[in-house]
Amino acid sequence: MRVLFVVHQFFPKYISGTEQYVLALARAGRAAGDDVRVFTVDPDWRAPGRAASVARHEVGGVPVTCHDFAKSEVRNHVLADWWNPRNRAPFAALLDEFRPDFVHFFHLRFVGVDRLDDVAARRIPYAVHLMDFWFLCPSFLLLRPDGQCDGPPDGGYGCFDCVHPVMAQWAREPWARGRHAERRAAGESPADEESGEQAGFAMVERKGRLAAALARAPRVISPSLTVRDAFAKAGVLPPRLDVVPYAIDWSLLDGLAAPPANGIHVGFMGTFAPHKGLAVLLEAARGLPDRDVTLHCFGRFGDFPDYDAKLRALAAGDDRIRFHGPFARGELARTLGQLQALVVPSLWRENTPFVVLEGRAAGLELVTSDLSGMTEAVPAGRGRAFAAGDPVALRAALAAAIADVRARGGRRLPLDRSIPDVAAQWAQLRRLYADGGAPATSA
């Protein structure tokens, strides 16, 4: 079977959870004898003058086609986030060359929901995976500066506060609202023009256009009840949706070492980004009285310079806090083998963090924020939750987790074998592909 995966960014430049999951599934598919390939774009806006290019390479044996679309041609940045015809020609060329039996869309940010139409026009069955909240939220987090968000506030005008604050004031002006209502009544679509008014129109049209695109999809997949329920609450639950929990690559845990015997070792693994909550963890850790507790932070500096400075300041002078940098996927067992507990202090609700699943699989004591995407992923007896964003509450939960580890003599919990392996998930998804998008499973 020929299957094309579509994702908003990919290896080797982008290495977050979505990319890792897509790569693991693609490799599982190829190992099973199927021809799985990836189409992606390069969303890096730091050099807008780069000419458009199409590059082909392989990652772990998986063929990848990457379109670096010409950023200098983009006039309406709000529109390009969800409707991007610049990607049509290279995508269509790949479809016509590869002739996939099925297309699995994992993320469409800066790829464009118009790629769904390219596939539908060729009568190729497809599915859309809700890897986060992007179909509801242009920042994909459903997180506002003042707390959680349930969908585009103020008809979409409130989204400017988060993603384009410079436009926020005028976007709400009565004249702009009136002009947008006129355009909608006339059946217009947002234009790729360097116009604040057109940017506003692209934002207020976003929810309806993306909801309609999801409604047309033969099959939509959610990784968790948390994601499904967020779409239901926003009133855009797709009619054909399955909940298919994530799988992990169990082979990456081969050779997991026994836990360290020189004290208690706690880990953080993830992006050093404000929404991941590492600053909350550092503040909590500094207040722990235990001198035999070490906090290991795995991730990279450089993406958020101001936040980096805050993290370094919080860690300064405490030799129990160590920054290790990122690690390769092949080093997962070695990395988890250094730990007895894992903290996931995210400030957004998440969608099922892969780090939680891998921590469970390795038998780590888990401490997570009390937001649904994390608490849903932690069964009873595997960890505890604390009030998101509260370093005092986190310190108390962390102290309790450390006490539990000590009570076990430093040993970890049993490996959690209930998490499916990625090879089994490929077989499950392949049945969906073979059925042309018919239901895989439901919850």
Mind listing whichever residues of the stretch 269-282 are within 22 Å of residue 142 (Cβ to Cβ) and modelled with pLDDT of 95 or more?
272, 273, 274, 275, 276, 277, 278, 279, 280, 281
Flag for residue 237 being among the hydrophobic types (A, V, I, L, M, F, W, C), touching a helix residue (DSSP H, G or I) at 6+ places or on another chain (Cβ under 8 Å) and crowded, with 17+ Cβ neighbours inside 10 Å:
yes
Restricting the search to the stretch 188-234, which residues are of a type in the set (Ser, Thr, Tyr) and in contact with a Gly (Cβ under 7 Å, 6 or more places away or on another chain)?
224, 226
If you go through the stretch 120-143 one residue at a time, how many are surrounded by fewer than 20 Cβ atoms within 10 Å (Cβ to Cβ), within 17 Å of the chain's Cα centre (by Cα) and not in a loop (DSSP other than H, G, I, E, B)?
0
Of all residues being surrounded by fewer than 18 Cβ atoms within 10 Å (Cβ to Cβ) and within 19 Å of the chain's Cα centre (by Cα) in the stretch 148-161, which is nearest to residue 350 (Cα to Cα)? Just the residue, please.
148
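The values are calculated or read from the model by the stated rules, or taken from the named source; none is laboratory data. Quick caveat: nothing in here was measured; it's all calculated off a predicted structure. Every residue, glycine as well, gets a Cβ built from its backbone with ideal geometry; the counts of neighbours run over all protein chains shown.
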